[in-house]
Structure formats: structure tokens, C-alpha cells
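Here the structure comes first, spelled out in C-alpha cells, and everything after it is commentary.
Each value in this text was obtained by applying a stated rule to the coordinates, not by laboratory testing. This one's a predicted model, so the numbers in the text were calculated from it and none came from an experiment.
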Amino acid sequence: MVQPQGADHRIQNVTMENSMHLIWVLSGLALISIEVLMVPGIGFLFAGLGAISVGVALMGGLFISVTAQVTWFFCLTAIWAAVLWWPLKRAYRRPDSGYSDMVGDIAIVGPDGLQKRELGEVRWSGAIMNCRLNEGCDQEKLNPGTEVKILKVSDGILIVEPTTKD
């Protein structure tokens, strides 16, 4: 049986409307995956939660236009960010924030060197990380490429001292 062109168009619209919740949920999961696996700290977690929230609202029977869905997505992203920002930041700043495996390891001072009482960079395990010289260190400056020992991690910043005297 051949259906008129208008009826075929209605079937496609119904299918698209019925799958919008799935598109939002999958988009949210993709955004969260990007945050966790590729680009941590950029805020895709909040956007992912906003997208999943829109998808859940659509599954719950809320039928709104695509424009309203996008508006709700941005609003819910902002709400998730407001609710989770400080708890996540506090968890990151805890002294026991999961960096204990680094303590005692060797890192290499970055290309700008490292000055006492200034924030610098070191390369550890292939990652460039912020660091400071230990206050008890008798050297005022370390040259680029100097090996340093990681003494502790404080607020996400490595506290280091040279392994040998230059």
C-alpha cells in the first residue's frame, strides 16, 4: 500500500520525537566520557548531566520543542555546575586526594626552571604538573632539566626538592 507523502512525513516526525530522549541521554554520556577520559576539568561533566536531565524529563512525559529542550539543557547545566562545583573542588583539594603514589618519585624541572617561592612546572610520568620548591630547600633556583624528588602534594601542587646539589 502506498502512503501519501504527508503521512510518511508524520511517521518520521513521531519517530524523531520518540527518540529525542535517547539522543539527549547518549549525548550526556558522551560528554561525561570526554570529561573523564580525555579532557578533565573542562566542565563537560556538568553539560553531560544537563543533557541526561533533559533526556530523563522527556522520558518522563515532558513534551517540549527542540528550542525549549536546548534552553533547558543550558539551564540544567548551570544548575548542575552550581550544585557540584564546590563539593568537587573540595574533594580535589583534600590533602589525601589520591596523589600519594607520586610522593617519593622523581620529576624533571620544566624549561623555565624553578625559583623558590614561585610556582613552576615539572614533568612527571609524561605529565606536566605545577610545583613549588620545598621551603626547607637551601637552593633558591633550579635549572631546567634538574631532577627533583616529590615530597608531597598540597592543593594539587607538587612540593619538590632537588635530588642532588647543583
List the residues whose amide H sits under 5 Å from the amide H of THR146, counting only those 5 or more places along or on another chain, with H placed 1.01 Å from N in the peptide plane.
VAL109
Which whole-angstrom value gives the distance between the alpha carbon centres of the range 139-166 and the range 23-65?
40 Å
The range 43-155 - percent relative contact order, Cα under 8 Å, separation 6 or more:
24 percent
From the backbone phi of the range 102-119, what are the Karplus-calculated ³J(HN,Hα) couplings (6.51 cos²θ - 1.76 cosθ + 1.60, θ = phi - 60°) in whole Hz, Gly and Pro given as x?
7, 4, x, 6, 9, 10, 10, 4, x, x, 8, x, 9, 10, 4, 6, 10, 6
Could you run the Karplus curve 6.51 cos²θ - 1.76 cosθ + 1.60 with θ = phi - 60° over the range 62-75 and give me ³J(HN,Hα) per residue in whole Hz, x for Gly and Pro?
6, 10, 9, 5, 4, 4, 5, 4, 5, 4, 4, 4, 5, 5
Amide H proximity to ASP105 below 5 Å, modelled H, separation 5+ or other chain, gives ILE150
Using the Karplus equation 6.51 cos²θ - 1.76 cosθ + 1.60 (θ = phi - 60°), what ³J(HN,Hα) coupling, rounded to whole Hz, does each residue of the range 44-59 give in order, writing x for Gly and Pro?
5, 4, 5, 5, x, 5, x, 5, 4, 4, 5, x, 5, 4, 5, 5
